[in-house]
Amino acid sequence: MSEGNAGRSALQILGDGLRLYRRHFRSLVAIMAPPLLLSLVFFLAVPSGPEPDGGEAASLWRSAPLAVLQLLDLFLFLLAPAAVVVAAATAAAGGPPGFRTSYGRAWKAGWKLLGCYLLCWLIVGLGWLFFALPGLVAAVYLAFALPSVAVEGQGPWRALRRSAGLVSGRFWPTAGRLLLYLLLFFVTGLSLNLLLAGVASLLGFPEPLLVMIWRGGDAVATASGFSAQFLQSAAVGNVVNTLVSLLLLPAFLVLLVLLYLDLRIRKEGLDQATLAAELAR
């Protein structure tokens with residue numbers, strides 16, 4: 001973190017973020033892993049073809065555990081980004097980002113996080129529904145609602161107001177930085193997907209589904225369900241997408257946290273001691 005009220009440039013924040021991510025790579029990836037891996041296991045484990053008829057009781061017996069797993073996965077997707085934000089902020093404050101402490105803080109803010117997500121989706125979604133531009137503006141102003149909840153413990157409405165207050169007066173620089181980082185991660189994600197797809201093909205696995213469709217492959221549904229080629233390609237595609245998401249999502253959240261901290265440094269003179277005290281509450 002910079003001293004006083006001196007902010008960092010977009011490239012400086014990018015460099016700081018990559019160094020922090022590299023230094024704490026295993027911890028950050030481990031924190032983001034549970035929902036992504038559970039989704040992958042769920043996809044690979046659920047049969048996609050017709051099942052033998054065992055009656056209503058047997059069908060309920062099979063579907064109940066899957067419903068529980070889906071709810072657990074949704075719950076983890078609620079907590080995991082907040083836990084990564086806590087870990088990144090802890091690292092920026094000079095502390096060690098721990099799995100249990102990060103998830104513990106996210107767990108305590110569970111209802112606040114849920115309310116924050118719902119309000120953000122509602123406001124941004126309404127903006128996109130009527131006109132694209134209001135949705136984009138709302139997305140920028142509310143970009144730091146998650147760190148406001150996870151780091152400062154703000155409630156849903158306060159987090160939205162807090163985020164908008166931080167962005168106020170620096171809308172265009174903030175929008176430009178977010179756009180730059182999103183484009184960077186889009187290009188990196190696409191490149192990694194193609195690279196891993198090539199590696200999978202060299203190892204004898206089918207092409208990922210999107211690659212196969214793009215190349216005009218036979219990805220069709222039959223009368224008894226999806227074709228074997230379709231299912232195999234979908235499975236490989238899900239594995240590849242999970243690996244790419246596991247690498248890139250924590251890195252993007254690190255940059256989001258550093259942007260949030262940069263705005264607080266510029267406007268409030270935030271220092272490491274103050275940040276550490278907030279995380280200790």
Report the full-extension gain for the segment Ala67 to Thr274: residue separation times 0.36 nm, less the Cα-Cα distance, to one decimal in nm. 70.3 nm
Using a Förster radius of 30 Å, what is the FRET efficiency between Ser201 and Phe25 based on their Cβ-Cβ separation? Nearest 0.05, please. 0.65
Simple spin-label estimate for Arg170 and Arg158 in nanometres, 7 Å along Cα-Cβ: 2.2
Neighbour-count ranking [beta-carbon atoms within 10 angstrom, fewest first] of Glu268, Glu152, Glu278: Glu268, Glu278, Glu152
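Quick note: the coordinates plus some simple rules give every number you see, no bench work behind them. This one's a predicted model, so the numbers in the text were calculated from it and none came from an experiment. Every residue, glycine as well, gets a Cβ built from its backbone with ideal geometry; the counts of neighbours run over all protein chains shown.
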